[in-house]
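J.: The structure is given below, and queries will be raised subsequently.
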Amino acid sequence: MQYTDLKIAIVDDNSDNIRFLEALLNKQGVSHVRSYRSGSAFEISAKQNTYDIVFLDNRVDTIKNLYDLVSELVYNETLPPTTRLVYMAKRQSAFDYACEYPFHSNQHLEVPYTPQDLATILEEHTLQVQEFKSAYQFIRNKQYKSALLKLKELRKQEYPNYLKKARNQLLVNLLLKLGHYSLAKKLLLPLTERNIQWAKWSLFHVNYELKDFEACKSFLSEPQTRLDYPVRVFYWQIYIAFQMNNRELATAQVLAFPIEDMSPSMFRLSLMVLHVCNERDAVDNLIKRKERTYQEDAALTALLSALTIKISLLETLNKKSTLDAKVFKVIQGDLKSALTRHASNIQKYCPDEFNLLLIMMMLMENKTAGASAKLLQLSQTLMDDPCAITVIAYLFYFVGDMERAKEMLFNAHRALGKQHRNSHYVLAGLMHREIFARIYTVESEQQDAYMQFASRLFESGEYRDTIKMCSKALRSGINNQALNDLLLRSSREAGLKEQDYLHYLQLNKPRETIVS
């Protein structure tokens, strides 16, 4: 089989590894191979070129590690759905390669690998793209129902096992995309009984969408799951713990995970969990332990400095009204000194964090007008990052601009709804949950916000997100005719099957019935 048309990228910080892989690919007839020594260099190239296969070294770990980088490129549709992501690692659990992307094929290439391993990857990728060409075209055009019908036509086709797996994965993910959770569950159960890992993780996501958190927690607690997927278990256990209002469990997860194995995004999540759980001593301890692992990397050291100052600024802003004036003055001086000391490195490696820190310092100094102007400017450049938008919403709240705070919180929710289910999603989701509760402090205000968010989502054609927001409104205690009408209309527009719609109603029974 000829592979002369395949375009391949290699991302590895070791030049010897790159030359070895390039040589093996050339022997297979691949002529279009580009290599990158850093994730940022690959990111720039991916925005200008289309790659069929990307080989990624799991050890490349900077501020935006490969897990986060690839998630962003998939989320922004920079990488087309036919791009195959191959993570190179010594063992499966060495890197969380099985990322939760809807349509991109992900696989593990065990190091050391052989020429036959590469030949198999090239052959399987080429045949998969050829066989499912029409379905991929529909997916690229966001015609998910047409893609589903096309793949259903191929269910009786005799395929080798790897193509059956790829077809079934696409079918399940299309059902999830369309909101047909009951059908997805029906397809997955026979596969999970055969202990197929991707099917078990897909069923986990179905249960998550259906708010069956006990089933989610049970799966995450399985010894084999914890052993093979420590990263995903880490962040999902934290998220489920918050969903079940068990913050002690979330804190325990953070404290138990090996600090040296935490990626930057996991470290951010850990700091946030300890911060909102008021575990100040644990925050300080975590930072000190991470300093030892980051001390030889300028970019990661700058990130650590930025996050440390950011947490202290947020804590001080939260307590500003209750602090003694002299105590506040001392804290303000210390934070300003710390920011000045680390300013050049933070600005160089973490420019967005630097801008947020400057705005927080302006709020500390009561320069609300200037802070508001800078917030407005910054909010127009970070609309794709739900974490950043949520922080901006909170800072608008400190400025006293409630309208913009609520608008940014809505924008953060929309951005969050489009994120892939990775550690960044969990971090953003928990941040949004906390800030929402601080901006909408009264239950009636929260209920009004749910209804407003749901109506706006429906008007913009985001029907599945409308359904989820209606579900939150139901769980909060609203059960009037307007809400039920909106839920029914959005379910019809989303093409939701009747059994899925009824399942939503059953799972989201209100705490109390309010008759309109």
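The values are calculated or read from the model by the stated rules, or taken from the named source; none is laboratory data. This is a predicted model, so every value here is computed, not measured. Here the Cβ positions follow ideal geometry from the backbone for every residue, glycine too, while neighbour counts run over all protein chains shown. With ligands, DNA and RNA removed, areas are computed over all heavy atoms of the protein, side chains included. Shrake-Rupley method; radii C 1.70, N 1.55, O 1.52, S 1.80 Å.
J.: If you split all Cα-Cα distances of the range 202-332 into 10 Å bins from zero, what percentages do you get per bin, shortest first?
T.: In order of increasing distance, the bins hold 11, 35, 30, 18, 5, 1 percent.
J.: For the range 317-466, what is the relative contact order in percent, using Cα pairs closer than 8 Å and at least 6 residues apart in sequence?
T.: Answer for the range 317-466 is 14 percent.
J.: Further question: Hey, what do the phi angles of the range 4-9 turn into as Karplus ³J(HN,Hα) couplings, whole Hz, using 6.51/-1.76/1.60 and θ = phi - 60°, x for Gly and Pro?
T.: Karplus-based 3J(HN,Hα) across the range 4-9 equals 5, 8, 5, 10, 10, 10 Hz.
J.: Please sort through the DSSP H helices of the chain and keep those with an alpha-carbon extent of at least 30 Å along the long axis and a Kyte-Doolittle average not below 0.0.
T.: Going by DSSP H runs, the hits are 298-319.
J.: Farthest toward the dipole's positive end in the chain, which of 191, 53, 368, given Cβ charges of +1 (Lys, Arg) and -1 (Asp, Glu) about the Cα centre?
T.: Going by the Cα projections, it comes out as 191.
J.: How much length would be gained if the chain were fully extended between residue 228 and residue 459, taking 0.36 nm per residue of separation minus their Cα-Cα distance, in nm to one decimal?
T.: Additional length available on full extension: 78.9 nm.
J.: Here's another thing I want to ask about it. Structure shown: which of 7/90; 90/156; 329/374; 47/150 lie over 28 Å apart, alpha-carbon to alpha-carbon?
T.: Too far apart for the 28 Å limit: 90/156; 47/150.
J.: Quick check on the chain: helices-only [θ] at 222 nm, where DSSP H runs of length 4 and up contribute -39,500 (n - 2.57) each and the sum goes over total residues. Nearest 500, please.
T.: Roughly -21500 deg cm²/dmol at 222 nm, from the helical runs in the chain.
J.: In addition: Taking 0.36 nm per residue of sequence separation and subtracting the Cα-Cα distance, how much length would be gained by fully extending the chain between residue 164 and residue 23, in nm to one decimal?
T.: Computed gain between residue 164 and residue 23 is 47.6 nm.
J.: Same structure again: Specify which residue in the list 271, 28, 157 is farthest towards the positive end of the charge dipole of the chain, using unit charges on the beta carbon of Lys, Arg (+1) and Asp, Glu (-1), about the Cα centre.
T.: Positive-end residue among those listed: 157.
J.: Can you give the FRET efficiency for residue 322 and residue 407, using 1/(1 + (r/R0)^6), R0 = 25 Å, r = Cβ-Cβ distance, to the nearest 0.05?
T.: Once the sixth-power term is evaluated, E becomes 0.30.
J.: Given a Förster distance of 41 Å, report the FRET efficiency between residue 256 and residue 7 from their Cβ-Cβ distance, rounded to the nearest 0.05.
T.: Between residue 256 and residue 7 the formula returns 0.45.
J.: May I pose another question? Computing the accessible area with a 1.4 Å probe over protein heavy atoms, can you report the carbon and sulfur percentage for the chain?
T.: 48 percent
J.: What is the extension gain from residue 127 to residue 493, computed as 0.36 nm multiplied by their sequence separation minus the C-alpha to C-alpha distance, in nm to one decimal?
T.: Taking residue 127 through residue 493 to full extension adds about 128.2 nm, to one decimal.
J.: Mind giving me the nanometre distance, one decimal, between the label points for residue 110 and residue 37, set 7 Å out from Cα along Cα→Cβ?
T.: Going from the residue 110 label point to the residue 37 one covers 3.2 nm.
J.: Would you mind checking the pairs 348/406; 200/418; 133/472; 217/310 and listing those with alpha carbons more than 27 angstrom apart?
T.: Result: 348/406; 133/472; 217/310 exceed 27 Å.
J.: Sequence gap at least 6, Cα distance under 8 Å: using those rules, report the relative contact order of the chain to the nearest whole percent.
T.: Averaging sequence separation for qualifying contacts and normalising by length gives 10 percent for the chain.
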